[in-house]
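Enquirer: Once you've had a glance at the structure underneath, I'll fire off some questions.
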Amino acid sequence: MKKTSSSDACGLTFKGHSNEKNFVGLSVLDEYIACGSETNEVYCYHKSLPVPITSHKFESINPISGHSNSDDNNGQFVSSVCWRKKSNVLVAANSIGIMKLLQMV
């Protein structure tokens with residue numbers, strides 16, 4: 001993910017999340033940027049830093065057995081993120097419909 005300046009020059013490249021083949025969602029609130037990742041995690045960046053200030057990994061669920069699996073994300077990814085207006089609360093959901101309400105502290 002890249003932040004561009006008004007002259008369309010790349011000002012900052014945000015690193016840490018993975019986004020090669022799936023739409024992973026992105027939401028901006030004031031100086032914070034939240035985005036999903038193909039690693040089944042949600043990342044939060046401050047607009048002035050190229051690395052995440054925090055992240056949260058979703059538990060991976062095997063779609064056949066329904067059991068959790070911490071070793072493999074089973075192709076799951078965080079596909080939707082949205083900040084609550086004027087708040088430090090973020091709603092995030094992954095590709096199999098698990099939703100989480102997260103608070104940045």
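Enquirer: Return SER80, SER65 ranked ascending by Cβ neighbour count within 10 Å, so the fewest neighbours appear first.
Expert: Values: SER80 18, SER65 8.
If I rank by nearby Cβ atoms, fewest first, I get SER65, SER80.
Enquirer: What ranking of LEU101, LEU26 emerges when the number of other C-beta atoms within 10 Å of each C-beta is taken as an exposure proxy, fewest first?
Expert: Values: LEU101 9, LEU26 15.
The most exposed by this proxy come first: LEU101, LEU26.
Enquirer: Add +1 for every Lys or Arg and -1 for every Asp or Glu among the other residues with Cβ under 15 Å from the Cβ of SER95, and state the total.
Expert: Values: positive: LYS21, LYS57, LYS100; negative: GLU20, GLU38, GLU41, GLU59, ASP72.
Taking every Cβ under 15 Å from that of SER95, the sum is -2.
Enquirer: Counting other Cβ atoms within 10 Å of each Cβ, which GluC sites (Glu not before Pro) in the stretch 19-105 have at most 10 and sit in a DSSP loop? Walk me through the numbers before you get to the answer.
Expert: Details: sites: GLU20, GLU31, GLU38, GLU41, GLU59; in loops: GLU20, GLU31, GLU38, GLU59.
The qualifying sites are GLU20, GLU31.
Enquirer: So what's the gap between the Cα centers of the stretch 66-105 and the stretch 28-46, to the nearest angstrom?
Expert: 11
Enquirer: Can I ask one more? Along each principal axis of its Cα atoms, how long is the stretch 2-103 end to end? Whole angstroms, biggest number first, please.
Expert: If we take the Cα atoms of the stretch 2-103, the spans are 51, 29, 19 Å.
Enquirer: Something else now. Longest span of the chain, sites excluded, free of trypsin sites (Lys or Arg not before Pro) in DSSP loop with at most 16 other C-beta atoms within 10 Å?
Expert: Numbers: sites that count: LYS15, LYS21, LYS47, ARG84, LYS85, LYS86.
Looking at the chain, 48-83 is the longest stretch - no exposed trypsin sites (Lys or Arg not before Pro) with at most 16 other Cβ atoms within 10 Å.
Only the coordinates and a few stated rules stand behind these numbers; no lab work does. Note that this is a predicted model, so its numbers are computed, not measured. Please note: Cβ atoms are built from the backbone with ideal geometry, for glycine as well, and neighbour counts cover all protein chains shown.
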